[in-house]
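The values are calculated or read from the model by the stated rules, or taken from the named source; none is laboratory data. Since the structure is predicted, the reported quantities are computational estimates derived from the model, not experimental observations. Neighbour counts are summed over all protein chains in view; Cβ atoms, including those assigned to glycine, are modelled from backbone coordinates with ideal geometry. Only protein heavy atoms, including side chains, enter the accessible area calculation; ligands, DNA and RNA are left aside. Shrake-Rupley method; radii C 1.70, N 1.55, O 1.52, S 1.80 Å.
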Amino acid sequence: IRDRSTGEKKTQTISKKFSLFKLIVSYMPRFCITLLFLLVCVLVSEVAADDLQLGRVNFTLFDNVLREFVHLVDNSSVVDYVNLSKSIEFHNFTRELEKANTSLLNTSEEWAAFWINSYNALVLQNIIQNPCKQDLFGNCGVLESIEQIGAQQPALLVKAFSRISGRVAGRDVSLDDIEQNLQKPNTTLVSNMLRIYYPLCITKASISSPNLLNRAFTPSKLVEQIHNATLLFLSNPQKGSYYFRETKQLRLSEIFDEYYYSFIDLVHPGFENRSILWFLLPYFREFMNPTDLEQILTNLNHVNATIDYFKFDWKLNRDVKILCSCLLYTSDAADDLLC
């Protein structure tokens, strides 16, 4: 519509508005996609944050610590205790652990993840706080095994795992106390599985213990993490399992002897003449030589007679000589030792 005096200007204004409308419409799909992407990112980050906040403890801190100071060398975990002892994140995490509220743990997965992480954290804390050992005569030396912690007078009869190791959820606890929490009976199959598998997820800070994963356990990934931890442990021929083809003998970690009935009850509850192999076979199929696996399957019902166990090596999974030296020497000498 053309006005006599301003028709031309109106045409231009309408044309400009129409062009602006076309521009907005053309960018709408991109804008919606970007908005949707940002919304998904926010939701995922919130889920991840909730997953790592158990009992209002920020397990992201522990996750960061494990990724920085735990490394896999020759299929075994190695801990950098020297730098771990100087980690502010680890210190902050243990402080949060002291104030945790376990009444906020609502599922068996949350319960198991919380106490597995707590156990592993207290083991690490015990090593960096007690890098020296002391014998009955007061002689001091470098800690060689977690079993030597608390073995001097007046704590001669107090074993390392039964002594107070730290504070969790407002009370002093030992490592044995935490194991009792992980062994609490549950009714569902998943809960029972978690209760039985936990020995393969906790570290004793020793060469023969299961590997300390370099990630914190989380409820949403717990089953997957347990599977990976078990597979990593069993596939280690120095401490998990090894098959002697010539003698048809299978050697396993002593953990499978100590918790034998728990493992076989998981796959064949109530049956007599059960074999631990029924528990191990799904993992063997993932890494074992097919010829060896075929031999094991052939002798499945008689293999218990040909199973023996590795001698458990309690030696620390990393030397702590520098940490011990830091306690024994003057500050000047300690600086020379990279303390």
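Rounded, prolate or oblate: which one fits the stretch 63-112, using the alpha carbon gyration tensor with axes a ≥ b ≥ c (rounded when a/c is under 1.5, else prolate when a/b beats b/c, else oblate)?
In terms of gyration-tensor shape, oblate.
Using only protein heavy atoms and a 1.4 Å probe, report how much of Thr218 is accessible, in Å² to the nearest 10.
Ignoring ligands and nucleic acids, Thr218 comes out at about 10 Å².
Which length gain, in nm to one decimal place, applies between Asn92 and Lys248 when the Cα-Cα distance is subtracted from 0.36 nm times their residue separation?
Going from the current span to full extension adds 51.1 nm.
On a 29 Å Cα-Cα criterion, which of the cross-link pairs Lys184/Lys248; Lys221/Lys315; Lys133/Lys221; Lys184/Lys221 come out too long?
Pairs exceeding the cut-off: Lys184/Lys248; Lys221/Lys315; Lys133/Lys221.
Which length gain, in nm to one decimal place, applies between Ile207 and Asp172 when the Cα-Cα distance is subtracted from 0.36 nm times their residue separation?
9.9 nm
For an R0 of 35 angstrom, estimate the FRET efficiency from the Cβ-Cβ distance between Glu224 and Leu327 and round to the nearest 0.05.
0.30
Explain nothing, just compute: Karplus ³J(HN,Hα) = 6.51 cos²θ - 1.76 cosθ + 1.60, θ = phi - 60°, for every residue of the stretch 208-225 in order, whole Hz, x for Gly and Pro.
Running phi through 6.51 cos²θ - 1.76 cosθ + 1.60 with θ = phi - 60° gives 8, 7, x, 5, 7, 5, 8, 9, 6, 6, 10, x, 6, 10, 4, 4, 5, 5 Hz.
Return the long-range amide H neighbours of Ala100 (sequence gap of 5 or more, or a different chain), with a cut-off of under 5 Å between placed amide H atoms.
Those lying under 5 Å, H to H, from Ala100 are Ala169, Gly170.
If amide hydrogens are placed 1.01 Å from N in the peptide plane, which non-local residues have theirs closer than 5 Å to the one on Tyr309?
So Tyr309 has HN proximity to Leu252.
Leaving ligands and nucleic acids out of the surface, order Lys159, Lys239, Lys315 by accessible area at 1.4 Å, largest first.
Lys159, Lys315, Lys239
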